[in-house]
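The structure's right below; bear with me while I get my questions together.
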Number of protein chains: 2
Amino acid sequence: MAGPGTPGTESSRTESPRERYRSQVRAEVKERAWEQMAEAGASALSLNAIAKQMGMSGPALYRYFASRDDLITALIRDAYRGLADTVRLAYGTGEGEPAGSGAGSGGGPGADASREAGRASRGAEDATAPLARIAHALRGWALADPQRYFLVYGTPVPGYHAPEDITAIADEIMRTLLDACPAPPADRPATPFETHLADHRQWAAGHPAPPAALRRALSFWTRLHGVLSLELAGHFDGMGLDPDRLFAAELDGLLAP
Amino acid sequence: MAGPGTPGTESSRTESPRERYRSQVRAEVKERAWEQMAEAGASALSLNAIAKQMGMSGPALYRYFASRDDLITALIRDAYRGLADTVRLAYGTGEGEPAGSGAGSGGGPGADASREAGRASRGAEDATAPLARIAHALRGWALADPQRYFLVYGTPVPGYHAPEDITAIADEIMRTLLDACPAPPADRPATPFETHLADHRQWAAGHPAPPAALRRALSFWTRLHGVLSLELAGHFDGMGLDPDRLFAAELDGLLAP
DNA sequence: GGGCGCGAGTTAGAGGCTATCACTCGCGTT
DNA sequence: AACGCGAGTGATAGCCTCTAACTCGCGCCC
């Protein structure tokens with residue numbers, strides 16, 4: 001199916017013209033698929049409609065994707081990859097860089113939102129600056145294409161199990177989060193849940209973060225997902241509050257203690 | 001379920017036999033729909049398959065539901081209704097009641113989980129007991145049928161707008177949450193976000209809760225949704241941690257300060 | 001008690017979708 | 001120059017939603 005070497009996403013070097021064309025068509029199909037998904041959701045994605053848009057006849061697309069599920073899986077993979085890159089880039093970004101372009105597949109807004117993170121003039125408070133940058137990058141990435149976010153964190157299809165390379169990216173995201181979590185002062189007593197985490201840390205196997213940091217990464221993940229997914233789903237719409245400030249407040253409460 | 005008066009889900013009194021039969025068939029269709037949804041997700045819901053299961057031929061169901069979307073909307077309405085009832089009932093439950101049966105449509109697990117809420121022997125800490133009961137009832141309701149939870153809080157369909165009677169139920173849920181939020185000690189200074197909420201409280205219009213309580217209800221909602229939705233979607237599956245304890249820890253952190 | 005209206009259920013069918021199969025045709029390699 | 005392989009085609013099966021025209025029988029009204 002895919003070219004030589006790894007059967008992953010993009011081709012490697014020394015592409016033959018055939019392979020070149022092939023991956024180009026695959027990319028265009030995925031682009032149309034993203035458009036369709038943004039305007040009608042994942043369930044409305046139609047291979048047929050995409051083919052017609054591209055001036056081809058229905059079954060032609062089966063040369064490029066084995067099935068509709070296969071296309072959706074590819075989209076999920078790209079979404080995970082883009083999110084992991086976005087998070088990693090936000091973590092790695094120092095203070096000087098203007099953040100540049102080319103983050104994953106979506107790009108768009110949210111690139112400069114990480115500027116106003118922690119300008120608190122204290123030296124010790126800078127330890128949470130990477131987390132703040134990640135938080136704003138995450139929200140920017142999500143707002144740029146909500147359906148893409150929901151492809152990662154939205155309603156699961158009961159039967160579906162993601163292939164291993166996708167779960168590997170999910171692990172990578174958690175690893176970056178752990179990297180960004182500052183080690184807390186060691187003298188604070190561990191909470192009961194932290195002692196539980198000390199014994200149940202398969203997901204952080206091989207990572208040196210102490211239990212308190214695991215707890216922090218977990219809170220960061222679950223709490224930001226809570227506000228963000230409700231915002232993206234429109235549940236704050238008629239309420240009159242400013243989602244921006246709600247997110248900022250949640251982030252504040254997360255970084256302060 | 002919902003008694004007479006409102007023209008919502010069930011029929012009113014003095015039903016003619018025709019109407020009786022009609023609402024019975026509607027109920028059976030919805031039951032089969034829930035089964036289908038539980039095992040294959042909302043996008044796999046098929047009117048045709050339901051009709052065949054019931055020994056009828058396809059188009060017959062259009063006597064009972066105007067379209068597939070209409071059926072799904074009815075399911076969404078029932079889900080909201082059941083959630084609102086569950087939350088309300090958990091809030092209203094005193095200490096003596098054994099919780100009984102007949103909570104909404106799902107019932108099932110989580111009914112007795114609210115017992116171990118706040119046994120801290122302090123008198124002032126009991127103020128958070130209703131919130132704890134609601135939290136456990138919410139999780140029980142969600143675990144009993146994850147797809148039902150996702151019908152309320154999962155991936156939204158871009159074009160879809162819920163009818164007004166459904167948003168009314170959503171408001172009712174928020175109102176119950178506000179009822180359950182204890183008023184904080186008035187001497188604490190307001191956070192910036194709380195002052196924002198003081199001016200942007202359309203969603204709590206007519207409710208006497210102070211801004212700090214609004215903030216608390218909002219946090220309760222977003223944070224519990226964060227852990228719960230990630231658990232239901234299976235994102236903790238390979239991680240080795242106990243979702244039960246994670247939820248309890250999140251709830252603890254929510255009620256303590 | 002008898003006639004009739006209304007609603008439940010049927011079949012036929014249009015149009016859309018996924019997916020398979022057999023086929024043609026042209027580019028790039030040998 | 002010839003050939004193989006892969007891109008694209010139309011035909012087809014089977015599923016779906018939803019409409020239209022029709023039949024049949026229960027229950028209401030006179």
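Only Lys, Arg, Asp and Glu count, each charged at its Cβ (+1, +1, -1, -1), so figure out the dipole size of the stretch B:15-65 about its Cα centre, rounded to 20 debye.
220
Could you pull out every residue, at least 5 positions away or on a different chain, whose amide H is within less than 5 Å of the one on B:ALA233? Hs are placed 1.01 Å off N in the peptide plane, and Pro or chain starts have none.
When sequence neighbours closer than 5 places are left aside, there are no close amide H contacts.
Would you mind classifying the stretch B:145-257 by shape? Square roots of the alpha carbon gyration tensor eigenvalues, ordered a ≥ b ≥ c; an a/c under 1.5 is rounded, otherwise it is prolate if a/b is larger than b/c and oblate if not.
Here the stretch B:145-257 falls in the oblate category.
Provide an ascending nm list, one decimal, of label-point separations from A:THR195 to the equivalent residue in each further copy; define each label point as 7 Å from Cα along Cα→Cβ.
Result for A:THR195, in nm, nearest copy first: 4.2.
So, one more: When all C-alpha to C-alpha distances in the stretch A:17-66 are sorted into bins of 5 Å, what percent of pairs does each bin hold, rounded to whole numbers?
5, 21, 31, 25, 13, 3, 2
Just counting partner chain Cβ atoms within 10 Å, what average do the residues of peptide B:193-199 show around their Cβ?
That average works out to 4.
Tell me, what ³J(HN,Hα) does each residue in the stretch A:170-178 have, in order and in whole Hz, if you take phi through Karplus 6.51 cos²θ - 1.76 cosθ + 1.60 with θ = phi - 60° and put x for Gly and Pro?
4, 4, 4, 4, 4, 5, 4, 4, 5
Carbon and sulfur: what percent of the stretch B:15-65's accessible surface (1.4 Å probe)?
Its accessible area is 46 percent carbon and sulfur atoms.
Are there residues in the stretch A:218-240 whose accessible area shrinks by at least 40 Å² when all protein chains are included rather than the chain by itself, and which are they (probe 1.4 Å, ligands and nucleic acids not counted)?
The answer is A:TRP221, A:THR222, A:ARG223, A:HIS225, A:LEU230, A:HIS235, A:MET239, A:GLY240.
Shifting gears a bit: Taking the full set of protein chains and a 1.4 angstrom probe, give the accessible area of A:GLU39 in square angstrom, rounded to the nearest 10.
It works out to around 140 Å².
One decimal, nm, shortest first: give the distances between the label point of A:ALA27 and those of the same position in the other copies, each label point 7 Å from Cα along Cα→Cβ.
Copy-to-copy label distances at A:ALA27, shortest first: 5.8 nm.
Sticking with this structure for a sec: Just tell me which lysines come within less than 17 Å, Cα to Cα, of A:LYS30; anything on the same chain fewer than 8 places away is out.
Once the sequence-local lysines are set aside, what remains near A:LYS30 is A:LYS52.
Counting Lys and Arg as +1 and Asp and Glu as -1, what is the net charge of the other residues whose Cβ lies under 10 Å from the Cβ of B:ALA38?
Around B:ALA38, the surrounding residues sum to -2.
Heads up, I need the accessible area for A:MET56: 1.4 angstrom probe, whole protein in place, Å², nearest 10.
50
In whole Hz and in residue order, list the ³J(HN,Hα) couplings for the stretch A:19-34 that follow from phi through the Karplus curve 6.51 cos²θ - 1.76 cosθ + 1.60, θ = phi - 60°; x for Gly and Pro.
5, 4, 4, 4, 6, 5, 5, 3, 5, 5, 4, 5, 4, 4, 4, 4
What nm distances, shortest first, do you get from the label point of B:ALA127 to those in the other copies when the point sits 7 angstrom along Cα to Cβ?
With the label placed 7 Å along Cα→Cβ, B:ALA127 yields 3.2 nm.
Output ³J(HN,Hα) for the stretch B:201-211: one whole-Hz value per residue in order, computed from phi by the Karplus curve 6.51 cos²θ - 1.76 cosθ + 1.60 with θ = phi - 60°, and x for Gly and Pro.
So the J values, rounded to whole Hz, are 10, 3, 5, 10, 4, x, 9, x, 4, x, x.
At a probe radius of 1.4 Å, figure out the B/A buried accessible area, summed over both chains, and give it in Å² to the nearest 100.
For B against A, buried area totals roughly 3700 Å².
The values are calculated or read from the model by the stated rules, or taken from the named source; none is laboratory data. Predicted, not measured: the structure shown is a model, and the values here were computed from it. For neighbour counting, all protein chains shown are included, and Cβ atoms are generated from backbone atoms with ideal geometry for every residue, glycine included. To get the accessible areas, we keep the full protein, side chains included, count just its heavy atoms, and leave off ligands, DNA and RNA. Shrake-Rupley method; radii C 1.70, N 1.55, O 1.52, S 1.80 Å.
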